[in-house]
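First the structure, in the form of structure tokens, and then the observations on it.
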Amino acid sequence: MNLKISGYYGKELAIAFDYNTAVVAAVRTVPCSRWHPETHLWTLPDTQATLDQLLDNLWTTHLFDVSTCPAGIQKNEITTSAENRSGTQKLNMIKYRALLETKHYSAQTIATYSRWLIQFSQRFTQIPADKLSQKEINLFLSELAVKRNVSASTQNQALAALLFYFRYVRGDDPTKLDSVIRAKKPVRIPVVFSRNEAFAVLNNLDGTKQLIASLLYGTGMRLNECLTLRIQDIDFGNNEITIRNGKGAKDRRTMLPQALRKKLQQHMIKVRQIHEADLAAGWGKVLLPGALDKKYPRASADFRWQWVFPQKNRWKNQATGMEGRYHIDASLIERAVQKAIQQAGIYKNACCHTFRHSFATHLIENGYDIRTVQELLGHSDVKTTMIYTHVLNKGPAGVKSPLDRM
């Protein structure tokens, strides 16, 4: 695995590498990271804190171990504090990541959990890895809430990462966590577009970006679920869309909006033309989930497995010379939607996920059963879906102010 870090216009760092989902997740999760599709580079602020975070993230992928991977990052180019960690800690991290992968955690979750484990071990460098205990867990989590002022969800994420380590790597089962100072969990209501606002945002988009945003609003999919759709997931005969490996590694079905049926069919004709051109050029293969590429060697070139929303340009593996096409990057859609929201004159704290909130809210407004909405959204517990029932109670909007009666 080759990766190059260099200066970029004096104030930023440019990151270039052969495409790899784990490395993309490691770079993307560094604060202020940006993807530049025109130059095929990621950029980061040129600060020591950013560089340290990037190196820690890259180390957790285990693709750049200089002792075992000469083709990785060279010692004279870049060094990391990870090289000085004990052999026990490295072995534990390898086992930790392997177990996460075995349990089919996503690449981004694996990278996030690994960072928490690294922060935890760095906080207690004076204590041998095999001596870390529940006492240190309590102290670390309390410090997150008190000193770093993290949100409740962030603290719970760190706890989940540490519990996985202690239970499955160490073989312990910490249960006495009563002394942890919990971050206060705020009660939030979802940001929701009105119908007019949703249509205004969609009208400020065009082409593929408009189609993707329309699917988010019309089906309740999460952005990543929409971008990872494959051709075979669209069932025009039954007017259904199958969402594979959604949050919690769950599959589900949702409706195919009739208003998008023709647009999707026309879009998929273009996707087929792109795929046939790639095949004619000697490429046209796509990454398959799990080990399917080994079980079905020819499936990666099958049109059924191609992305519904492929990226504009093929990526190229500099080491092997292979070229392929991945799905559109989420950041492109996020930026386009933010721009469309501004152009529509909407000042809510809205984003792509607001379409999902709006989908659920508007269905309940239309009288659909809460269980139906729960199933369409893929929620395990109906309590999660119940947050959208705020529309049944008009709240302040349904009360006439005394001032209006004067």
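The values are calculated or read from the model by the stated rules, or taken from the named source; none is laboratory data. The shown structure was predicted, so the numbers you read here are calculated from the model rather than taken from an experiment. All Cβ positions, even for glycine, are placed from backbone atoms using ideal geometry, and neighbour counts span all protein chains on display. The accessibility values were calculated without ligands, DNA or RNA, using every heavy atom of the protein model including side chains. Shrake-Rupley method; radii C 1.70, N 1.55, O 1.52, S 1.80 Å.
Would you tally the residues in the range 221-275 being of a type in the set (A, V, I, L, M, F, W, C) and open to solvent by 20 Å² or more (accessible area, probe 1.4 Å)? Give the derivation first.
Kept after step one, since they are of a type in the set (A, V, I, L, M, F, W, C), are these residues of the range 221-275: 221, 223, 226-227, 229, 231, 234, 236, 241, 243, 249, 255-256, 259-260, 264, 268-269, 271, 274.
Those left that are additionally open to solvent by 20 Å² or more (accessible area, probe 1.4 Å): 223, 236, 249, 255, 259, 268-269, 274.
Residues in the range 221-275 being of a type in the set (A, V, I, L, M, F, W, C) and open to solvent by 20 Å² or more (accessible area, probe 1.4 Å): 8 in total.
Would you confirm whether any residue within the range 43-61 is aromatic (F, W, Y), surrounded by 17 or more Cβ atoms within 10 Å (Cβ to Cβ), in contact with a Ser or Thr (Cβ under 7 Å, 6 or more places away or on another chain) and modelled with pLDDT of 80 or more?
no
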**Report entry** T208 vs. criteria in contact with a strand residue (DSSP E or B) (Cβ under 7 Å, 6 or more places away or on another chain) and crowded, with 16+ Cβ neighbours inside 10 Å
**Finding:** no
Report summary line: Per the filter on the range 276-293, residues in a helix (DSSP H, G or I), touching a Lys or Arg at 6+ places or on another chain (Cβ under 9 Å) and loosely packed, with under 12 Cβ neighbours inside 10 Å are none
Report task. Return yes or no: is N138 out of contact with any His (no Cβ under 6 Å at 6 or more places or on another chain), of a type in the set (S, T, N, Q) and more than 15 Å from P174 (Cβ to Cβ)? Result -> no
Report summary line: Subset of the range 1-42, residues among the small types (G, A, S), modelled with pLDDT under 80 and under 16 Å from L332 (Cα atoms), comes to none
Query raised in the report: Can you tell me how many residues in the range 110-135 are open to solvent by less than 20 Å² (accessible area, probe 1.4 Å) and more than 21 Å from L55 (Cβ to Cβ)?
Result: 1
Report summary line: Condition set outside any loop (DSSP other than H, G, I, E, B) and among the hydrophobic types (A, V, I, L, M, F, W, C), scope the range 319-335, selection least open to solvent (accessible area, probe 1.4 Å): answer is I333
Query raised in the report: Restricting attention to the range 365-397, which residues are at pLDDT below 85 and not in a helix (DSSP H, G or I)?
Result: N393, K394
Report task. Quickly run through the range 338-362 and pick out the residues that are open to solvent by 30 Å² or more (accessible area, probe 1.4 Å) and on the phi < 0 side of the Ramachandran plot. Result -> Q338, K339, Q342, Q343, A344, Y347, K348, N349, C351, H353, H357
Query - Residues (more than 13 Å from K209 (Cβ to Cβ), in a helix (DSSP H, G or I) and under 17 Å from the mean Cα position of the chain (by Cα)) located in the range 336-359 - result: H353, T354, R356
**Report entry** All positions within the range 199-250 that are within 16 Å of R356 (Cα to Cα), out of contact with any Ser or Thr (no Cβ under 8 Å at 6 or more places or on another chain) and assigned to a loop (DSSP other than H, G, I, E, B)
**Finding:** R222, G246, K247
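Among the listed residues F193, F199, F166, identify the single one that is aromatic (F, W, Y), open to solvent by 20 Å² or more (accessible area, probe 1.4 Å) and over 20 Å from the mean Cα position of the chain (by Cα).
Criteria check complete, one pass: F199.
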